[in-house]
Amino acid sequence: GQLPTWLQGILLRNGPGMHTIGDSKYNHWFDGLALLHSFTFKNGEVYYRSKYLRSDTYNCNIEANRIVVSEFGTMAYPDPCKNIFAKAFSYLSHTIPEFTDNCLINIMKAGDDFYATGETNFIRKINPQTLETFEKVDYNKYVAVNLATSHPHYDSAGNVLNMGTSIVDKGKTKYVLFKIPSSVPEKEKKKSCFKHLEVVCSIPSHSLLHPSYYHSFGLTENYIIFIEQPFRLDIVKLATAYIRGVNWASCLAYNKDDKTWFHFIDRKTKKEVSTKFYSDALVFFHHINAYEEDGHIVFDLIAYTDNSLYDMFYLKNLTKDFEENSKLTSIPTCKRFVVPLQYDKDAEVGSNLVRLASTATAVKEKDGKIYCQPEILCEGIELPRINYNYNGKKYKYVFATEVQWSPVPTKIAKFNIQTKEMLHWGQDHCWPSEPVFVPNPDAKEEDDGVVLTCVVKSDPKEAPFLLVLDAKTFTELGRAIVNVEMHMDLHGMFIPEQVVKTETE
């Protein structure tokens with residue numbers, strides 16, 4: 001095929017790559033050692049490269065030739081030859097666990113630098129061109145968090161907004177929103193942007209010993225949206241997991257009878273909206289987008305009715321018949337919530353306060369709380385991406401992978417939120433990854449650009465490839481076949497050529 005001449009830059013992706021070290025195996029697919037890979041677009045040609053993230057975790061495991069650093073779904077134990085005192089000490093030092101720096105989920109840009117990210121307090125600086133690994137950054141040195149998301153947001157000035165959970169203060173568990181500036185003052189050029197990290201605000205957890213698990217959050221022009229779901233981490237169990245010989249994943253539990261709380265933080269005042277908004281229990285990983293309209297906040301996300309998704313990816317379930325045998329008990333559903341921030345305070349109890357054209361409702365209860373129910377936009381899509389220039393604004397298109405009852409994506413979809421039309425790309429035995437939208441630099445319309453996805457074949461004898469689709473029509477423009485084994489990855493970003501250039505200068 002033929003690639004557009006304006007497509008110049010690097011598609012950088014991250015995901016679990018190595019699941020066996022020596023005689024030891026990880027229990028869970030999300031635990032594998034991070035493998036970065038990149039596609040560099042230069043004058044119509046594509047160059048491929050991949051490299052393991054040289055994290056401390058990677059180095060320790062490779063040196064020991066077995067898994068010695070615990071991951072979320074795999075608890076590792078120290079050398080059995082250690083004497084009894086060393087062993088007892090190891091147990092004690094695990095109370096607030098020292099988490100892994102196997103940053104295998106996403107890529108983040110902070111200042112002029114790029115980082116591989118996971119969900120712990122560690123991120124690793126990398127070179128986007130050579131994929132070399134540099135220093136480890138510990139968020140905990142700059143803000144009291146033990147976990148942080150891998151889906152930060154970027155504002156128009158290039159500042160990073162992210163969230164983490166602070167379980168350090170006993171009994172004062174909270175969610176912390178923080179901002180990493182895009183640049184540092186001239187006189188402090190040698191310092192990193194993390195030294196200027198600022199806490200925007202913190203939200204106390206509804207349950208001090210059971211903070212909510214979250215993978216992403218939402219952003220509009222004036223508000224940050226945080227959803228506290230009843231899929232929770234048990235801190236006491238987490239602190240004793242090592243002694244009990246169980247993994248950290250077993251410390252997560254979903255309560256289907258609980259509520260899901262919505263928090264809206266005003267970006268200017270840094271205060272939370274005082275009205276209490278909630279919905280029924282749900283489990284979700286990915287926000288799609290959010291915006292404000294006529295006194296309402298509208299936000300779209302992909303939700304499940306249970307937490308079966310995580311369990312699907314235990315390696316014991318990933319057998320050769322995985323495609324046929326693994327069935328989600330809850331299909332991902334794209335839900336739109338419409339939350340009236342401005343409403344008639346004298347409205348009757350039981351009345352729906354939503355004034356926009358949507359089947360989503362927000363009903364006033366007698367204690368002043370507002371119960372929200374969503375509009376269902378579509379089913380069966382995951383790993384959503386948008387044209388990020390429309391982040392926090394009213395938008396039309398979602399690019400996503402299509403999953404039916406199996407958690408492995410078989411197609412790529414373009415969904416029009418307004419008309420509900422869906423376009424697909426799919427081929428037999430092809431497993432595409434999260435689609436990344438790259439806008440045409442001269443774009444006039446939201447979908448003017450290309451969609452990039454890495455496609456792995458379910459038959460290991462067939463070569464994987466990078467697929468380039470016209471984002472408007474969803475027709476194939478070209479593909480770059482990669483004659484090496486390619487791993488199924490999770491998330492990533494496109495770095496335009498001019499951004500890469502300044503990085504190397």
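The values are calculated or read from the model by the stated rules, or taken from the named source; none is laboratory data. As the structure is a computational prediction, the values presented were derived from the model and not from experiment. Note that we place each Cβ from the backbone using ideal geometry, even for glycine, and neighbour counts take in every protein chain shown. With ligands, DNA and RNA removed, areas are computed over all heavy atoms of the protein, side chains included. Shrake-Rupley method; radii C 1.70, N 1.55, O 1.52, S 1.80 Å.
Under 30 Å from W29 (Cα atoms) and without any contact (Cβ under 8 Å) to a residue 60 or more places away in the chain - does that describe any residue in region 357-367? No, that holds for no residue.
Where strands (runs of 3 or more DSSP E) fall entirely within region 157-225, those with at least 2 residues that are in contact with a Ser or Thr (Cβ under 8 Å, 6 or more places away or on another chain) and crowded, with 18+ Cβ neighbours inside 10 Å are at 160-166, 174-180.
Conditions (1) over 27 Å from F41 (Cα atoms); (2) of a type in the set (S, T, Y); (3) assigned to a loop (DSSP other than H, G, I, E, B); (4) open to solvent by less than 60 Å² (accessible area, probe 1.4 Å), marked per residue:
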{"position": "C378", "(1), (2), (3), (4)": "yes, no, no, yes"}
{"position": "E382", "(1), (2), (3), (4)": "no, no, no, yes"}
{"position": "A400", "(1), (2), (3), (4)": "no, no, no, yes"}
{"position": "K420", "(1), (2), (3), (4)": "yes, no, yes, no"}
{"position": "D447", "(1), (2), (3), (4)": "no, no, yes, yes"}
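Scan region 26-44 for residues that are out of contact with any Leu (no Cβ under 7 Å at 6 or more places or on another chain) and closer than 13 Å to V482 by Cβ and report the count. So the answer is 2.
Taking region 359-376 as the search range and keeping residues that are open to solvent by 10 Å² or more (accessible area, probe 1.4 Å) and of a type in the set (A, V, I, L, M, F, W, C), which one is farthest from D266 (Cα to Cα)? Filtering region 359-376 for residues that are open to solvent by 10 Å² or more (accessible area, probe 1.4 Å) and of a type in the set (A, V, I, L, M, F, W, C), the one farthest from D266 (Cα to Cα) comes out as I376. Using the structure shown, decide if L466 is under 27 Å from G118 (Cβ atoms), part of a strand (DSSP E or B) and out of contact with any Ser or Thr (no Cβ under 9 Å at 6 or more places or on another chain). Criteria not met by L466.
Restricting attention to region 303-325, and to residues there that are at pLDDT below 75 and over 21 Å from T20 (Cβ atoms), which single residue is least open to solvent (accessible area, probe 1.4 Å)? Filtering region 303-325 for residues that are at pLDDT below 75 and over 21 Å from T20 (Cβ atoms), the one least open to solvent (accessible area, probe 1.4 Å) comes out as E323.
Restricting attention to region 50-69, the residues being touching a residue at least 24 places away in the same chain (Cβ under 8 Å), closer than 15 Å to C103 by Cβ and of a type outside the set (K, R) number 8.
Could you tell me whether region 239-251 includes any residue that is modelled with pLDDT of 95 or more, in contact with a strand residue (DSSP E or B) (Cβ under 9 Å, 6 or more places away or on another chain) and surrounded by fewer than 21 Cβ atoms within 10 Å (Cβ to Cβ)? Checked against the condition, which is being modelled with pLDDT of 95 or more, in contact with a strand residue (DSSP E or B) (Cβ under 9 Å, 6 or more places away or on another chain) and surrounded by fewer than 21 Cβ atoms within 10 Å (Cβ to Cβ), region 239-251 yields no hits at all.
Scanning region 225-265 for residues that are farther than 18 Å from P340 by Cβ and of a type in the set (A, V, I, L, M) returns L233, I235, V236, L238, A239, A241, I243, V246, A249, L252, A253.
Listed here are the residues, each with its yes/no results for (1) surrounded by fewer than 19 Cβ atoms within 10 Å (Cβ to Cβ); (2) touching a Leu at 6+ places or on another chain (Cβ under 9 Å); (3) at positive phi; (4) in a strand (DSSP E or B).
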| position | (1), (2), (3), (4) |
| --- | --- |
| S406 | yes, yes, no, no |
| F415 | no, yes, no, yes |
| P441 | yes, no, no, no |
| T453 | no, yes, no, yes |
| E485 | yes, no, no, no |
| F494 | no, yes, no, yes |
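Out of curiosity, is K472 open to solvent by 10 Å² or more (accessible area, probe 1.4 Å), part of a loop (DSSP other than H, G, I, E, B) and free of Cβ contacts under 8 Å to residues at least 40 places away in the same chain? When the stated conditions are applied, K472 passes them.
Just one of the listed residues (N102, N159, N140) is over 26 Å from I224 (Cα atoms) and touching a residue at least 12 places away in the same chain (Cβ under 8 Å), namely N102. Here is the figure for region 118-137: residues that are part of a strand (DSSP E or B) and at pLDDT 95 or above total 10. Among the conditions (1) of a type in the set (F, W, Y); (2) open to solvent by less than 40 Å² (accessible area, probe 1.4 Å); (3) farther than 22 Å from V338 by Cβ, the only one that Y395 does not satisfy is (3).
Can you name every residue in region 180-238 that is free of Cβ contacts under 8 Å to residues at least 60 places away in the same chain, among the polar types (S, T, N, Q) and within 27 Å of Y291 (Cα to Cα)? Across region 180-238, the qualifying residues are S202, S205, S212, Q229. Scanning region 371-417 for residues that are of a type outside the set (S, T, Y) and touching a helix residue (DSSP H, G or I) at 6+ places or on another chain (Cβ under 9 Å) returns E382, K396, P407, V408. Listed by first and then second residue, the pairs with beta-carbon distance under 7 Å, at least 6 apart or on different chains, first residue in region 5-21 and within 14 Å of V468 (Cα to Cα), second at pLDDT below 95 and not in a loop (DSSP other than H, G, I, E, B), are Q8/E497; G9/E497; G9/V500; I10/V500.
Here is a yes/no grid of residues against (1) out of contact with any strand residue (DSSP E or B) (no Cβ under 6 Å at 6 or more places or on another chain); (2) at pLDDT below 95; (3) in a strand (DSSP E or B); (4) on the phi < 0 side of the Ramachandran plot:
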{"site": "L7", "(1), (2), (3), (4)": "no, no, no, yes"}
{"site": "I10", "(1), (2), (3), (4)": "no, no, yes, yes"}
{"site": "N14", "(1), (2), (3), (4)": "no, no, yes, yes"}
{"site": "G17", "(1), (2), (3), (4)": "no, no, yes, yes"}
{"site": "H37", "(1), (2), (3), (4)": "no, no, yes, yes"}
{"site": "K51", "(1), (2), (3), (4)": "no, no, yes, yes"}
{"site": "V69", "(1), (2), (3), (4)": "yes, yes, no, yes"}
{"site": "P78", "(1), (2), (3), (4)": "yes, yes, no, yes"}
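Just so you know, in region 43-77 the residues that are touching a Ser or Thr at 6+ places or on another chain (Cβ under 8 Å), farther than 30 Å from L452 by Cβ and of a type outside the set (S, T, Y) include one that is most open to solvent (accessible area, probe 1.4 Å), and it is R66.
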